[in-house]
């Protein structure tokens, strides 16, 4: 019974591992595409289909989340599917993340702040106790954006500074590239929002300091073109405030293409407004009005405008009044009334919700945490004891691990020595002495003899070091078919093709590391590539499986062994 349970567990574990590898490989194929590129769905739909069939709701959630990124017109539909998958997973972090994603669509793609806030507050309920700090700060960041939109710049600035501190700590050091990428995005977006707050508060020196920091921190890759455009836009605002209007316009024109590309109509309209103000102060009336009219065109299409752009309409009304163009004056007067209606509606709803559902709850949670402080002090000694015990256990297992590594290293040295002796004394196999009677071979012995000769030459020339080598490629080199070659390898080498090649490669790498001091200077990636492996991880895993020790540990032990030998000679 126990054997059956163990077998079932191993099979389930293997299925999970291989499934994860399937999804990862597909993601690698579509991550090369830019946002809103429908070509990604060739692979995303495969992820969705497989995850549905397996009822793997975690992967289904991720597939729908990726679909949001690459979809042009169905982002909201995929967001709803993302929420359903997350709820089926029964994992609060995924549910909170799904609501965040839907809120981001309302915020970024539609600028419907009321709907966005509703999703952020739902996410907050799922994430407030989460151990995933990144998601918590991502949620807090979006609530900060709502506060900034409402004009609560001091409160928003406090949130953005907290986010800056959190994200910045995760963009350097020993984190994997995905963590660094996501936190760099979070850091730069928080930096941008803080700059906006400082500029709106008239604290231009602080804004300029952050702009200088941004210039040194932003990566020089196309993945961060959008963030670079945000900072370029803010540089334009800074030059405008310093009355360098021509320079401001240059910065605005540099920022526009990328913002238009991603349809960030909020900041596009913001730029047109400040370009209009710049041309007004430069005395270019035609370009002033042209840019103000562009702001109105964006409002008509999206029914959204930042409150600080309201004066755009006052300027247009004043201009057409002077021109005695009563038709245009009336039009822009009606437009101003619509703008005021949108802004008033947003402010009434948002200010109430953000106060009741976020600010008040945050205060109550702080109060509850303070009340718990006394009870925490009673646990302090117990926690210290637990930590000391845990450290002791860690040290014990660390020492035991080192002993196991040493034992496996010693065993490998014996194996190497036996292998070297066997090679020195092994007779050369001649074609005529090949026996097939006791082998399970279904074809002529002459073919077997030829293939064994080919294999011998292949091993001697180290043909197994070629990356991407397959049974088909090798059979073509030997001018035979895959079935014959596979049977000969199985019968005479005692393993299937892949295992056979891996054994040769690992033996080659092991001998090189042991005997060649230059190889011990190489990185594991370099050694893996030189031994014919396509990546470090598969090389390391197969090396461990075959030799009982990881290549990094083997290198360290060999270096230490040689150093000890040198010391003993002194």
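The values are calculated or read from the model by the stated rules, or taken from the named source; none is laboratory data. The shown structure was predicted, so the numbers you read here are calculated from the model rather than taken from an experiment. Methodologically, a virtual Cβ is constructed for each residue, glycine included, from the backbone with ideal geometry; neighbour enumeration extends over all protein chains shown.
Could you tell me whether residue 52 is buried (at least 17 other Cβ atoms within 10 Å of the Cβ), over 19 Å from the mean Cα position of the chain (by Cα) and modelled with pLDDT of 80 or more?
Judged against the criteria, residue 52 is not a match.
Quick one: count up the residues across the range 261-275 that are touching a helix residue (DSSP H, G or I) at 6+ places or on another chain (Cβ under 6 Å) and without any contact (Cβ under 8 Å) to a residue 40 or more places away in the chain.
7
Yes or no: the range 93-101 includes at least one residue that is touching a helix residue (DSSP H, G or I) at 6+ places or on another chain (Cβ under 9 Å), at pLDDT below 85 and more than 29 Å from residue 37 (Cβ to Cβ).
No, the range 93-101 has no match at all.
Here's a check for you: in the range 223-251, which residue that is surrounded by fewer than 21 Cβ atoms within 10 Å (Cβ to Cβ) and touching a residue at least 40 places away in the same chain (Cβ under 8 Å) is farthest from residue 167 (Cα to Cα)?
This residue is 241.
Suppose the filter is in contact with a helix residue (DSSP H, G or I) (Cβ under 7 Å, 6 or more places away or on another chain) and assigned to a helix (DSSP H, G or I); does residue 228 pass it? Even if it seems obvious, please write down each step before you answer.
Details: in contact with a helix residue (DSSP H, G or I) (Cβ under 7 Å, 6 or more places away or on another chain): no; assigned to a helix (DSSP H, G or I): yes.
Criteria not met by residue 228.
Specify which of the listed residues (489, 527, 549) is at pLDDT 85 or above, closer than 19 Å to residue 408 by Cα and touching a helix residue (DSSP H, G or I) at 6+ places or on another chain (Cβ under 7 Å).
Going through 489, 527, 549 in turn, just one is at pLDDT 85 or above, closer than 19 Å to residue 408 by Cα and touching a helix residue (DSSP H, G or I) at 6+ places or on another chain (Cβ under 7 Å): 549.
Given the residues 490, 498, which is the only one that is assigned to a helix (DSSP H, G or I) and over 36 Å from the mean Cα position of the chain (by Cα)?
The unique qualifying residue is 490.
Residues checked against (1) part of a helix (DSSP H, G or I); (2) modelled with pLDDT of 90 or more; (3) surrounded by fewer than 16 Cβ atoms within 10 Å (Cβ to Cβ):
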site	(1), (2), (3)
505	yes, yes, no
509	yes, no, no
541	yes, yes, yes
560	yes, no, yes
565	yes, no, yes
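Report yes if residue 202 is on the phi > 0 side of the Ramachandran plot, modelled with pLDDT under 85, surrounded by fewer than 21 Cβ atoms within 10 Å (Cβ to Cβ) and not in a helix (DSSP H, G or I), otherwise no.
When the stated conditions are applied, residue 202 does not pass them.
Consider residue 80 carefully, then state whether it is modelled with pLDDT under 90 and assigned to a helix (DSSP H, G or I). Talk me through it step by step, then tell me what you get.
On the way: modelled with pLDDT under 90: no; assigned to a helix (DSSP H, G or I): yes.
No: the conditions fail for residue 80.
Report, ordered by the first and then the second residue, all pairs with beta carbons closer than 6 Å, sequence separation of six or more or different chains, a first member in the range 29-52 that is assigned to a loop (DSSP other than H, G, I, E, B), and a second member that is crowded, with 17+ Cβ neighbours inside 10 Å and modelled with pLDDT of 85 or more.
These pairs meet every condition: 33/40; 35/69; 37/70.
Is it the case that the range 461-482 has a residue that's assigned to a helix (DSSP H, G or I) and under 23 Å from residue 412 (Cα atoms)?
yes
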